[in-house]
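J.: Once you've had a glance at the structure underneath, I'll fire off some questions.
The values are calculated or read from the model by the stated rules, or taken from the named source; none is laboratory data. It should be emphasised that the depicted structure is a prediction, and the values quoted were computed from it without experimental measurement. Every residue, glycine among them, receives a Cβ derived from its backbone with ideal geometry; neighbour counts consider all protein chains shown.
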Amino acid sequence: MTSDPGRERILDAATRLFAALGYDGTSTRMIAEAAGLNIATVAYHVGGKRDLYLAVMERAHQRERSALESALAGLTPDAAGVLRLLDRYVDFCAEHPEIPALWMHRWLSDASDVAHLEDLYVRPLMETVVGAVGKSVDDDIDVEYVAWTVIWCTHGFGNGGVLDADGRRRGMDDPRELARFRAHLRRLVTTALRLPEGDAR
C-alpha cells in the first residue's frame with residue numbers, strides 16, 4: 001500500500017501546528033496554509049479539524065509503538081537492559097520532539113472533547129512497559145509510577161529544557177544538556193527501581 005503524498009504533507013503540517021499551538025489553538029485554515037493548500041483540498045485528503053487531529057495522533061502513536069516494540073525486542077531482564085530501554089525512549093523523544101509536545105498539550109486539557117486517546121494509545125503502551133520492566137525488579141516497586149516519572153521528566157525537559165547561566169533555555173537539541181539529562185534520568189531510574197549499580201551500564 002502506497003502512502004498518499006498529499007495526505008502526508010497535510011499531516012506533517014498539522015503535526016507541527018498541533019505540537020506548537022495545540023488543537024484548540026490551531027485552525028484548519030492555518031494547517032492548509034502551512035501545507036500550501038486550500039481548505040477544500042485538506043478536507044478531501046483528511047477531513048475536518050477533528051479528523052486531522054485523530055489522524056495526527058494515530059500516526060504519532062504508531063511511530064512510538066514501533067519504536068517501543070523494537071526496543072522491547074532486545075530487552076534483557078537486568079539493569080543494563082532496563083537502562084537501554086530508557087535510553088531508547090529518550091532517543092525517540094529527542095528525534096521526534098513533536099510527539100511529546102502533542103501529549104503535553106493534552107495534559108493541559110487541550111482537545112478535551114477528544115477524550116478516548118489515552119485509553120486507546122497510552123494505557124496499552126504503559127501496560128506493556130510496566131509488564132516488561134517488572135520482570136527485572138522487586139515485587140514491591142511501583143514500576144508504573146517510575147514509568148510515569150520518566151515520561152513526565154522527558155516530556156518536560158523536551159518542551160521546557162533548563163536555563164543556562166544567561167537565562168536561555170537548553171533542551172533536547174543541545175547535546176551537552178541532553179547528555180546531562182540522560183545521566184540524571186539513568187541515576188533516578190537506577191535508584192527508584194533499586195537496580196544493581198554495577199550492572200547498570
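J.: Could you list, in sequence order, the residues of the range 73-97 that are surrounded by fewer than 19 Cβ atoms within 10 Å (Cβ to Cβ), within 20 Å of the chain's Cα centre (by Cα), closer than 16 Å to VAL189 by Cβ and not acidic (Asp, Glu)?
T.: LEU75, ARG84, ARG88
J.: Could you count how many residues in the range 11-46 are part of a loop (DSSP other than H, G, I, E, B) and either hydrophobic (A, V, I, L, M, F, W, C) or more than 20 Å from SER112 (Cβ to Cβ) (or both)?
T.: 4
J.: Right, another one. Going by the conditions given, is VAL122 free of Cβ contacts under 8 Å to residues at least 60 places away in the same chain, over 30 Å from ASP51 (Cβ atoms) and either in contact with a strand residue (DSSP E or B) (Cβ under 7 Å, 6 or more places away or on another chain) or assigned to a helix (DSSP H, G or I) (or both)?
T.: no
J.: Identify, please: which residue in the range 174-201 is exposed (fewer than 14 other Cβ atoms within 10 Å of the Cβ) and at pLDDT 95 or above and is, among those, farthest from the chain's Cα centre (by Cα)?
T.: Only one residue tops the list, namely ARG194.
J.: Condition check: surrounded by fewer than 20 Cβ atoms within 10 Å (Cβ to Cβ), more than 18 Å from ALA147 (Cβ to Cβ) and of a type in the set (Val, Ile, Thr). Does ILE39 satisfy that?
T.: Yes: the conditions hold for ILE39.
J.: Of VAL143, VAL122, which residue is modelled with pLDDT of 95 or more, of a type outside the set (D, E, K, R) and under 21 Å from ARG182 (Cα atoms)?
T.: From the options VAL143, VAL122, the qualifying one is VAL143.
J.: crowded, with 20+ Cβ neighbours inside 10 Å, in contact (Cβ under 8 Å) with a residue 12 or more places away in the chain and aliphatic (A, V, I, L, M): does that describe VAL133?
T.: Taking the combined requirement at face value, the residue satisfies it.
J.: Related question: Starting from residues that are charged (D, E, K, R) and within 21 Å of LEU68 (Cα to Cα), keep the ones in the range 107-130 and report whichever is surrounded by the fewest Cβ atoms within 10 Å (Cβ to Cβ).
T.: So, considering only residues that are charged (D, E, K, R) and within 21 Å of LEU68 (Cα to Cα), the one surrounded by the fewest Cβ atoms within 10 Å (Cβ to Cβ) is ASP119.
J.: In the set GLU69, GLU58, which member is closer than 18 Å to ALA115 by Cα and either exposed (fewer than 15 other Cβ atoms within 10 Å of the Cβ) or modelled with pLDDT under 95 (or both)?
T.: Of the residues listed, the single one that is closer than 18 Å to ALA115 by Cα and either exposed (fewer than 15 other Cβ atoms within 10 Å of the Cβ) or modelled with pLDDT under 95 (or both) is GLU58.
J.: Please specify each residue of the range 75-95 satisfying the condition of being within 13 Å of SER136 (Cα to Cα) and of a type in the set (Asp, Glu).
T.: ASP78
J.: A further question on this structure: Taking the criterion of being part of a helix (DSSP H, G or I) and touching a Lys or Arg at 6+ places or on another chain (Cβ under 8 Å), would at least one residue in the range 103-114 satisfy it?
T.: There is no residue in the range 103-114 that is part of a helix (DSSP H, G or I) and touching a Lys or Arg at 6+ places or on another chain (Cβ under 8 Å).
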